[in-house]
Amino acid sequence: MSPSSRATVTPKLKSLRVRELTKRFADAAAVRGFDLEVSGGEFISLLGPSGCGKTTTLNCVAGLLEPDEGAIEIDGRDITPFPPERRGFGMVFQNYALFPHLDVSRNVGFGLEVRGIAHSEIGRRVARALELVQLGGLAKRYPAQLSGGQQQRVALARAIVTEPPLILMDEPLSNLDAKLRLEMRLEIRRLHQSLGLTTLYVTHDQEEALSLADRVVLMREGVVEQAGTPEELYAQPRSLYVANFLGYRNLVPVEVGEIRGDTVSVAANGFLFTGTRRGTLAEGGAAVATIRPKDVQVVAAGSPGCIAAAIELAEFVGDGFELSADAGSGQRFIARTTDRWAVGDHVALRLPPERLLVFPSEVR
Amino acid sequence: MSVAVRRLPVRRGEIDRGAIFVYAAVAVLVLVVGGILVSVVLDAFATSWFGGWLPDGFTDRWFRAAITDFDLPQILVATAFITLAVAAIGLLVGVPAAYVLARRRFRVKGVVQVLLLLPLLLPPITYGIPLATMLYEFRLAGTAAGVIVANLVPALPLVVLLLTPFFEQIDPNLERAARVLGASPLRVFTRVLVPLAAPGVLAAALIVIVRALALFELTFLTSGADSTTLVVALYYAAFAPGIRPSQQIDAMAVVYMATSLVLLLAALRFVNPTNMVVRVRR
Amino acid sequence: MSAPAARREAVDSPPAPTRRRRRLDPALLFIAPAVALVLALFVYPFVYGLILSFQPYGEHEADGALGSYLAFFGDPRERLSIWNTLRLAVPATVIDVGLALPLAYRLRRPVPGQRVITALFVIPLTLGTVLIAEGMLQFFGPAGWVNKTLIAFGLVQQPVQFLHNYLGTLISLLISDFPAVFLLLLGYASSIDPALDRAARVLGASWWQRTWRVTLPMLAPGIAVAAALSFVATFSVFPSAVLVGNPAGETRVIAFAAWQAAYERYDYSEGSAIAIVMGAIELALVGAALSLRAGGYRRMRTEGAR
């Protein structure tokens, strides 16, 4: 699922270490005790809703924000006191931040120019970077004359041309339309691999994070909620929050019945079903059962061990249908199937116990 | 490896030289402008002020003298009438023009824009002298109407320039929605646009009033005995030193100053200071 | 599409809905009063003045159509008023822009008390040239606080002559014109996307490099406009040249010369001629400044790269 192939080129960075990073804005902590260890060549995605502190973390790593506590280390060296211009990282900004008064080649060459590199060398490296992002013919255009996708490519070229040990990306695809977003996603991953980059990528889009990253760090209100490979997060969300963020859209408030190891039986609205235990549950206590739409199986009415429901809405989504099924007592399930069902059909829903996760009700 | 978590005052310790420069500049400004204003006020209330750091004594007789000598009530009435009329006519004519410039494209738009910018780019004297000559022929010279007409020349472009960007940032879909809901264009203008534009229009009105109050040249060239505004009266008073005691001139200045500053305070409640000057775009 | 196909389509397709006749957009009526007003009160007087300036009056009538212009340029004292004006307007503009630029540049990022500071800068703008000049009579006078302070600190022995000369007029221009320049530049400076500065930092640019390569080039159009408008204001200097200057000598500015011709000698023709000369000089200089700006700005206008 996630691209696990490592870079073919030796990465310039050995390790990035973020230690106990804390950043407060007017007393409210935007990031609290953030810890992260990245080894060279990794693609790390910081994922979370807006306001979760992911961009603040990125800006602290870039040096654009000064952390209140904690340290940033590159290859074991503490770079926390360094201003951004002395860190030598590459960064792609959300709105690209291309210099409107400079043409494409001077935008891309900016980082080399300020390092005092010879003109001939700048010309060569800029040309190569533009080739890499497939913008060879547009060197003399100004940002205003480029499409959104082209601007994005210029921003990428500008970030990689200095061959930085670490590339930081702040929601780089959020301003593109869906088709372009997919295209650029591949492009970014391709550049990451072929150039042996180490990338820290901020996004609020779970699909983007899961498809791009070697490891995903899911943040919530300034702290790390769960970190791991995309597979881990996808299959074993540690909390209801993570599950919900990663596409567990069916939430059923339940009462905990018998607990046997990791298997737990729960009851809700007169249904009884079995799920997989997540976290600490107490028999007789309240919990939330959750399952992805695509794990809900829609079968013929009357099947044993299933919940009876009626199809309420059916939406064609390309490779199948998304159904909303009413199970009575106001409980609705969203299911994804390839079978065609009509609105009003009576069906049965099977919830596979290994896919139905039961979390303690959140107090937060 | 154990790295203790520590507070980092590293770069924060750096002195913000820029901020120091800002405060130094503000200090100079406050000293000079404040010094000017305070000396004017003190002198206006002084019995006399020879050589000392402070006046020799205080009195209000210069103000009482100003009321009779300068016919201050008449000047104040004329000033209020003229500035308000300039603002009212300027808005009445300028608001629809700003709207059209913000929303429509038409063939001579560029010409119209330049035409509306020129009066702000030329010194008032340049067109003021021929305008005053023309007003004489129409027997408007020296009347309040003549002064209003002359002041409209820079006031109208100011209104248009201030309000065009304001109309531009009102979502055109609001107008479309109103049209689809059955409102006629005129109703859209009066019921949707004018309420939405009210803050901008108010700001423009205040800026025009403040500027008309201080604009000297045009009023100077066109005003007569019963259409003299405060600023022109102040100029005449100061232009003839020796004839009047400085305290009396300063009393006049205090009246003018107080009027301006009250208006400025009112304006600053609604207007961002950077909008007090015209920003030319395009 | 080949020609026959096009013809066929023209025949087969249902008659196009009759195109609405090109009527005058009624919205354009909205702009008509403004245009009429500017034409009547600005363009007409201007043309009227232009014609008047070619109809010399009195003793200059014999010199033909150019009599009034010849009278102005032929008289060294009159001619000198152009130099007198430039000598005030150019330094005032340069100094004000030079001081306002670093201030505005720094104030892109707010400092504590930002609102109060900008409000303070508006005060001289509101007061206008006449009051500033009038107020200087006391403050900068021989017995005013400035001279008292200078003497008290032993910096001078005798009071400095600040008034009724070139220096007095220049000071009054500097004070009255500064706020407009500053506020204008502040507006431009704060509209620069701060992400550009951040991008330049991450790319390794030092403070100087960011200033020279990013901020100043981006501010250049704003600087041109501010300088142009400042020049417009200072070039038309009149009341302060009279009140705190020496209108009979070194600060006999062109606006004063025009006023004298028209209102003291009642020579409206020469008054208009001088006014036209004044406008021409000013427009030429401002036009030069603004065309530089247009060249630099055109390619920067963008939605995406804002």
*Does chain B come out rounded, prolate or oblate by the C-alpha gyration tensor, with a ≥ b ≥ c the root eigenvalues, rounded set by a/c under 1.5 and, if not, prolate when a/b is larger than b/c and oblate if not?*
oblate
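What's the local net charge at B:VAL254, with K and R +1, D and E -1, over the other residues with C-beta under 12 Å away?
In short, -4.
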*Please give every one of the lysines within straight-line cross-link reach of A:LYS140, meaning a C-alpha to C-alpha distance under 17 Å, and leave out same-chain neighbours fewer than 8 residues apart.*
none
*Among all helices in chain C defined by DSSP H, which have a length of 24 Å or more along the axis from Cα atoms plus a Kyte-Doolittle mean of at least 1.6?*
C:166-190, C:216-235
*Could you state the number of Å between the C-alpha centres of the range A:116-131 and the range B:100-137?*
51 Å
*When Cβ neighbours within 10 Å are restricted to other protein chains, what is their mean count per residue of peptide A:19-26?*
1
_Förster radius 25 Å - calculated FRET efficiency between A:VAL299 and A:GLU231 (Cβ-Cβ, nearest 0.05)_ = 0.35
*Once Lys and Arg get +1 and Asp and Glu get -1 on their Cβ, which of A:GLY63, A:PHE99, A:VAL296 lies farthest toward the positive end of the dipole of chain A?*
A:PHE99
_Run the numbers for B:TYR136 and B:ARG104: contour at 0.36 nm per residue of separation, minus the present Cα-Cα distance, in nm._
7.7 nm
*Can you give the mean number of other chain Cβ atoms that lie within 10 Å of the Cβ atoms in peptide A:100-112?*
4
_For B:38-45, mean number of other protein chain Cβ atoms within 10 Å_ = 4
*So, in Å, what gap is there between the alpha-carbon centers of the range B:35-85 and the range C:129-144?*
14 Å
_Suppose each label sits 7 Å from its Cα in the direction of the beta carbon; what would the A:GLU258-B:ASP171 distance come out to in nanometres?_
5.7 nm
*For chain A, just say rounded, prolate or oblate: build the C-alpha gyration tensor, square-root its eigenvalues into a ≥ b ≥ c, call rounded for a/c under 1.5, and beyond that prolate if a/b exceeds b/c, oblate if not.*
prolate
*Pulled fully out, how much extra length does the chain show between A:LEU180 and A:GLN145, if you take 0.36 nm times their separation in residues and subtract their Cα-Cα distance?*
10.8 nm
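At R0 = 30 Å, how high is the FRET efficiency between B:ALA225 and B:ARG64 if r is their beta carbon distance? Nearest 0.05 is fine.
Values: r = 22 Å, r/R0 = 0.73.
After rounding to 0.05, the efficiency reads 0.85.
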*asked:* With +1 assigned to the C-beta of every Lys and Arg and -1 to the C-beta of every Asp and Glu, and no other charges, what is the dipole magnitude of the protein assembly as shown about the Cα centre in debye, to the nearest 20?
replied: 1940 debye
*For a footprinting-style exposure proxy, rank B:VAL180, C:VAL97 by other Cβ within 10 Å, fewest first.*
B:VAL180, C:VAL97
*What's the FRET efficiency of A:SER194 with A:SER39 using the Cβ-Cβ distance as r and R₀ = 25 Å, to the nearest 0.05?*
0.85
*For the pair C:ALA27 and C:SER191, how long in nm is the line joining their label points, each one 7 Å along Cα→Cβ?*
2.2 nm
*Looking at chain B, do any whole DSSP H helices span at least 30 angstrom along their long axis by alpha carbon and average -1.0 or above on Kyte-Doolittle, and which?*
B:17-44, B:72-103, B:144-168, B:246-270
_With an 8 Å Cα cut-off and a minimum separation of 6 or more residues, compute the relative contact order for chain C in percent._
26 percent
*the range A:29-103 to the range A:239-258: how many Å between their Cα centroids?*
32 Å
*Starting with the fewest neighbours, write out A:TRP341, C:TRP207, B:TRP62 ranked by other beta-carbon atoms found within 10 Å of each beta-carbon.*
C:TRP207, A:TRP341, B:TRP62
*By a straight-distance test (C-alpha under 23 Å), which lysines pair with A:LYS23 as possible cross-link partners, with residues fewer than eight away in the same chain excluded?*
A:LYS54
_With 10 angstrom as the radius, rank B:THR259, B:THR126, B:THR222 by how many other C-beta atoms surround their C-beta, starting from the fewest._
B:THR259, B:THR222, B:THR126
*asked:* Checking the a/c ratio against 1.5 first, then a/b against b/c, what shape does the Cα gyration tensor give for the range C:92-140?
replied: oblate
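Read-outs throughout are calculated quantities, based only on the coordinates presented, and are distinct from any laboratory measurement. This is a predicted model, so every value here is computed, not measured. Here the Cβ is made from the backbone with ideal geometry for all residues, glycine too, and neighbour counts use every protein chain on show.
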